[in-house]
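The values are calculated or read from the model by the stated rules, or taken from the named source; none is laboratory data. Because the structure is predicted, anything quoted here is derived from the model rather than measured. All Cβ positions, even for glycine, are placed from backbone atoms using ideal geometry, and neighbour counts span all protein chains on display. When the accessible area is computed, the model is the full protein with side chains, heavy atoms only, and any ligands, DNA or RNA have been set aside. Shrake-Rupley method; radii C 1.70, N 1.55, O 1.52, S 1.80 Å.
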Amino acid sequence: MKIVRYEEKGGIKLGVVKGNGVIELTRRFLSLSDNMIELIAQWPWLKPNVEKIIAEKVPDAALTTLRLLAPVARPGKVMAIGLNYADHIKESGQPTPQYQTWFTKAVTSVNGPFDPIQIPVASAMVDYEAELVVVIGKHCRHVAKGHAVDVIFGYCAGNDVSVRDWQLRTSQWALGKSFDTHAPIGPWIVTADELGDPHTVGIRCFVNGEKRQNSNTGNLVFNVYDQIEHLSEAMTLEPGDLIFTGTPGGVGGAMKPPVWLKEGDRVRVEIDRVGTIEATMTAEKAE
């Protein structure tokens with residue numbers, strides 16, 4: 001299934017994709033609002049009812065008439081792993097990490113799948129990073145790698161937008177990764193049972209139609225299940241938490257000379273069997 005959060009006629013709703021349309025779920029389940037985390041937490045009993053609705057109902061609206069929003073608006077946590085594709089490690093000039101390299105992105109960086117991405121007043125060194133994003137489905141701690149699949153609700157396409165000078169001026173990357181609008185996700189959540197093995201999908205990024213990144217999630221150094229096992233040793237993972245799983249080689253900062261995103265650029269992330277997000281770069285308006 002593909003679960004969406006969207007705006008229609010001034011209201012924010014949850015729905016499920018059927019063909020080229022969306023079946024609204026919010027009005028069919030009184031316990032739901034527009035909060036995807038509520039749906040994820042209730043999914044064990046909601047799922048069979050949603051499957052029945054998909055089989056019996058026609059879409060309430062066409063996808064093309066709706067504004068798709070970030071599926072999870074305010075996750076409890078946004079965790080992201082760095083240096084996790086061999087070609088990206090090579091272009092960064094750094095050794096393959098012995099341990100997983102984690103940083104956080106502020107929840108205020110979450111952005112819609114087709115909403116503009118800001119080039120901030122503070123820097124023009126803005127870069128793209130196409131990533132598969134995991135959406136956690138259960139409260140969990142100390143998850144063994146072999147059971148990690150059981151705590152995943154689904155997957156999104158994401159762009160770990162990075163402000164490189166802010167990222168690299170210190171050993172801590174969080175600020176350079178947390179500017180407003182710099183975590184676009186979507187266009188929906190593909191449920192884990194629909195995607196199956198998350199390590200078999202192509203991932204690409206285009207800037208103004210030029211292919212910059214082209215890889216496969218099978219090339220992850222630490223795969224999705226490794227990541228969940230490792231993170232859950234340190235912290236409780238909760239429904240709606242997001243995990244950015246790493247980016248392949250081809251980022252603008254590694255080009256010679258570096259090529260930064262500029263106002264008007266179109267950045268498109270495609271992940272096979274998951275979906276596509278695309279945004280226009282816009283200059284932040286200083287208040």
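Which percent of the accessible area of region 63-194 is formed by carbon and sulfur heavy atoms (probe 1.4 angstrom)? Carbon and sulfur atoms account for 57 percent of the accessible area of region 63-194. Taking Lys and Arg as +1 and Asp and Glu as -1, the other residues whose beta-carbon sits under 12 Å from that of A144 total -2.
Be a star and scan region 139-170 for residues whose amide nitrogen sits under 14 Å from the point 7 Å along the Cα-to-Cβ vector of A234. Output list for this probe position: 142. Along region 276-285 the Karplus relation, 6.51 cos²θ - 1.76 cosθ + 1.60 evaluated at θ = phi - 60°, assigns HN-Hα couplings of 10, 10, 8, 9, 9, 6, 10, 6, 5, 8 Hz to successive residues, with x for each Gly and Pro. Our note on the geometry: Cα centres of region 29-90 and region 182-229, 16 Å apart. Multiplying each eigenvalue of the alpha-carbon gyration tensor of region 169-217 by 5 and taking the square root yields semi-axes of 25, 17, 13 Å, largest first, rounded to whole angstroms. Applying 0.36 nm per residue to the separation of N20 and S123 and subtracting their alpha-carbon distance, the gain on full extension is 33.1 nm. Charge tally for E263 (other residues, Cβ to Cβ under 14 Å; Lys, Arg +1; Asp, Glu -1): +1. Within region 30-67, what residues put their amide N at less than 16 Å from the label point 7 Å along the Cα-to-Cβ vector of T108? No residue qualifies, since no backbone N sits under 16 Å from the label point. Dipole size of region 24-134 about its Cα centre, with +1 on Lys/Arg Cβ and -1 on Asp/Glu Cβ: approximately 360 debye, rounded to the nearest 20.
Projecting the Cα atoms of T280, V190, T245 onto the charge dipole of region 166-287, computed from C-beta unit charges around the Cα centre, puts T280 farthest toward the positive end.
The 3J(HN,Hα) values that the Karplus relation (6.51, -1.76, 1.60; θ = phi - 60°) gives for region 244-258 are, in residue order, 7, 8, x, 10, x, x, x, 5, x, x, 8, 6, 10, x, x Hz. Gly and Pro appear as x. Computed from Cα atoms, the angle from the helix 36-56 axis to the main principal axis of the chain rounds to 50 degrees.
With 0.36 nm allotted per residue and the present C-alpha distance subtracted, the A86-K57 stretch has 5.9 nm of extension available. Here Rg and Dmax of the Cα atoms in Å was computed from the coordinates, and among (i) 21.3, 66; (ii) 18.3, 56; (iii) 18.8, 62 the match is (ii). In order along region 62-77, the Karplus-derived 3J(HN,Hα) couplings, from 6.51 cos²θ - 1.76 cosθ + 1.60 at θ = phi - 60°, round to 7, 4, 5, 9, 10, 9, 7, 10, 4, x, 10, 6, 9, x, x, 9 Hz, and Gly and Pro are given as x. Taking label points 7 Å from Cα along the Cα-to-Cβ direction, K262 and I12 give a separation of 3.5 nm.
For region 60-182, rounded, prolate or oblate, judged on the Cα gyration tensor with a ≥ b ≥ c (square roots of eigenvalues), a/c < 1.5 rounded, else prolate if a/b > b/c?
Oblate, since a/c reaches 1.5 and b/c is not below a/b.
Dipole size of the chain about its Cα centre, with +1 on Lys/Arg Cβ and -1 on Asp/Glu Cβ: approximately 220 debye, rounded to the nearest 20. Note on region 1-58: with charges restricted to the Cβ of Lys and Arg (+1) and Asp and Glu (-1), its dipole about the Cα centre is near 140 debye. Per the Debye calculation on region 5-98 with a single equal scatterer at every Cα and no solvent contribution, log₁₀ I(q)/I(0) for q = 0.10, 0.17, 0.23 Å⁻¹ amounts to -0.41, -0.76, -1.17. The residues of region 152-228 present an accessible area of 34 Å² per residue when probed at 1.4 Å with all protein chains retained. Towards the positive end of the charge dipole of the chain, with charges on Cβ (+1 Lys, Arg; -1 Asp, Glu), say which of F179, L46, F206 has the farthest Cα. Looking along the dipole axis, the top candidate is L46.
The residues neighbouring D180, those whose beta-carbon lies less than 15 Å from its own, together hold a net charge of 0 under the Lys/Arg +1, Asp/Glu -1 convention. Heavy atoms of the protein chains alone define the surface here; on that basis region 1-57 has 49 Å² accessible area per residue at 1.4 Å probe size.
The label point for A174 and the one for H147, both projected 7 Å from the Cα toward the Cβ, are 2.9 nm apart.
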